[in-house]
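**Student:** Before I ask anything, let me first share the structure, which is written out below as structure tokens.
Readers should treat all values here as calculations from the given coordinates under stated rules, not as data from a laboratory. A quick note: this is a predicted structure, and the numbers were derived from the prediction, not measured. Please note: Cβ atoms are built from the backbone with ideal geometry, for glycine as well, and neighbour counts cover all protein chains shown.
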Amino acid sequence: MSAYKLIQGESLALLRDMPTGSVDAIVTDPPYSSGGFTRGDRMGRTTNKYTGSDGLERPDFAGDSRDQRAFLVWCSLWLAECLRVAKPGAPIAVFSDWRQLATMIDAIQCGGFVFRGVMPWDKTEAVRPRMGGFRSQCEYVVWGSAGELPQRTDVGVLAGVIRARVRTDDKHHITGKPTEVMRHVVKICPPGGVVLDPFAGSGTTLVAALLEGRAAVGFELSTDYMRVAQQRCREVAP
């Protein structure tokens with residue numbers, strides 16, 4: 001296959017069109033349906049919920065207004081399809097914030113994966129402080145496997161905590177993760193394998209996979225972010 005494939009469309013429908021047992025790992029950063037403590041908060045525009053202190057305006061993205069029960073059911077659906085398209089033993093790594101961490105741990109298991117643990121991403125002290133309380137300094141990678149996780153010397157032992165700050169020059173999406181972080185996470189995929197990201201956003205997972213010698217398949221609904229992802233992948237693809 002080519003080094004990467006980027007397809008525009010709704011992830012669940014596209015997953016159902018994929019062949020069974022066709023990817024070596026799933027690494028993704030889905031909409032959290034978070035960014036607020038009430039239903040009204042969650043229904044707001046994503047630019048209002050997540051835009052940081054850099055003040056840069058980025059396009060909104062869809063699928064981020066579900067309540068807690070709907071979020072769990074929705075995640076269970078696409079995770080079950082990810083299980084089907086994963087090869088036996090394939091790892092999965094899904095990002096979550098603290099508000100949805102417990103739900104995402106449940107969802108991984110509802111989708112049929114074996115839950116393996118949680119890896120923190122320490123965003124450093126550069127995050128917004130909370131006067132009188134602890135900083136919301138971490139997001140999390142919930143990870144597991146499609147059945148028994150094989151012992152792979154070509155993957156080795158990966159660090160259990162990532163420490164990297166968000167840089168404005170490397171943030172192409174409202175909730176985009178640093179390329180440095182994604183390059184570490186995609187190493188869970190065996191070298192030369194295929195990484196699937198059903199929520200590609202600005203394409204950082206695909207870029208990281210290509211830079212780390214993996215192939216990649218990504219789905220993205222937004223036309224605006226599709227253009228960004230295509231451009232970034234073209235810049236690093238063979």
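**Student:** Based on the alpha carbons, how large is the Rg to Rh ratio for region 179-222 when Rh follows Kirkwood? Display every interim value, and only then the final one.
**Tutor:** Numbers: Rg = 9.4 Å, Rh = 10.0 Å.
Looking at region 179-222, the ratio lands at 0.94.
**Student:** Okay, next question. Amide H neighbours of I26 under 5 Å, counting only residues 5+ apart in sequence or on other chains, H built in-plane at 1.01 Å?
**Tutor:** Amide H neighbours of I26: I92, A93, L196.
**Student:** Quick one: P(r) of region 118-238 from all Cα-Cα pairs, 5 Å bins, percents rounded to integers, in order of increasing distance.
**Tutor:** With 5 Å bins starting at 0, P(r) equals 2, 10, 18, 22, 19, 14, 8, 4, 1, 0, 0.
**Student:** Here is a follow-up. Residues of region 134-154 with backbone nitrogen within less than 20 Å of a virtual label 7 Å along the Cα-to-Cβ line of R116, please, listed as ranges.
**Tutor:** Of the residues in region 134-154, 139-154 have backbone N under 20 Å from the label point off R116.
**Student:** Moving on. Counting only DSSP beta bridges with both residues in region 117-238, tell me the antiparallel percent, nearest 5.
**Tutor:** On the way: 6 of 12 bridges.
Counting DSSP beta bridges with both partners in region 117-238, the antiparallel share is about 50 percent.
**Student:** Sticking with this one: Output the peptides 221-231, 14-24 sorted from most to least packed, where packing is the average of other Cβ atoms within 10 Å over each peptide's residues. Could you put the intermediate results ahead of the total?
**Tutor:** Working: 221-231: 18.0, 14-24: 15.4.
By packing density, highest mean first, the sequence is 221-231, 14-24.
**Student:** Could you state the number of Å between the C-alpha centres of region 61-127 and region 160-238?
**Tutor:** Cα centroid to Cα centroid, the span is 17 Å.
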